[in-house]
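Report on the following structure.
Just so it is clear, none of the values below were taken in a lab; they were calculated from the coordinates. In this text the structure is predicted, and so the values were computed from the model without any measurement. Using ideal geometry, Cβ is built from the backbone for each residue, glycine included, and neighbour counts are taken over all protein chains shown.
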Amino acid sequence: MPSSTAAAWPSPGRFALVLILGFALTLAAAWMWGATLIEAILPATRIVLGWIDDRFGIVFLGVEHNWQDTVVRLRVSPVEMFVMGGQVINASNTHWLEVTTTSGAMLQSLVIAPAIALALPGSVLTRISAFALAALLAFGFMLLDLPLTLFAFTWDMLIDGLEPDRFSPLMMWHEFLHAGGRLGIAVALGVAGWSLATRKAA
C-alpha cells in the first residue's frame, strides 16, 4: 500500500503550475517592494559591517537606481592604519573603496524559497504557512548575505591589488555564492520552510 506521504504529492503538472504562480507572486513583490525592503535593512547592514571590520568607516551606503538595474552601493575609507601585503594602508578621509551589488542578487532567496515552499504538497493552510516560514528564513539569510557580500567585494579589491595569494574564508564563501551557492541555499530554505510547516500541521 502506498504511503499517505507519497499520495500527497501533486502531479508534475500541478507542481509546475503552482511553482510558476509562486514565482509570479514573489517576483512581483520583489519588483514592487524589494528596493524598499533593502533600504529598510541598511541600518542593520551598517552595524554588521562595523562588526566585520572596524578598520573601515562607511562613507556611503544606499540603494541607487539607474537605467539598467537597482544596486546597493557601499563606499568605505580606512579609519585606522593597517598592513596588508607588505603595504601600509593609512587612515584617510580622501581615499575610499567603492563596491556595488545588484538588488536582484540580494533578493534571490526571497524570490525562490517561498515559491518552492508554496509548490510542495500540503493543505492550503500548510502551503500558506510554508510560504511565510520560507520567506522569514530567506529574510534572515539576506540580513547576513548583504553585508557579507558588500564587504567581500571590498576585501576582494584589496586582496587582488595587494596580496593576491592570500587565503580568505570570506572569499571562499563569496565564490561559493557566485558559483550557484545562493541558488542552492534558496532552494534549501524553501524546503526547510515547507518541512517546518508540515511538522506543525501534523
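How far is helix 103-119 tilted off the main Cα axis of the chain, in degrees rounded to 10, range 0 to 90? Compared with the principal axis, the helix lies near 20 degrees. Here is the list for the range 57-106: chymotrypsin sites (Phe, Trp or Tyr not before Pro) lying in DSSP coil, each with at most 14 other C-beta atoms within 10 angstrom of its C-beta, are Trp67. Translational diffusion of the range 1-112 was estimated from the Stokes-Einstein equation, with Rh taken as the Kirkwood radius over Cα pairs; at 37 °C and 0.692 mPa s the coefficient is 186 µm²/s. Note on the range 61-202: dipole from Cβ charges, positive end direction compared against His65, Val83, Ala201; the farthest Cα belongs to Ala201.
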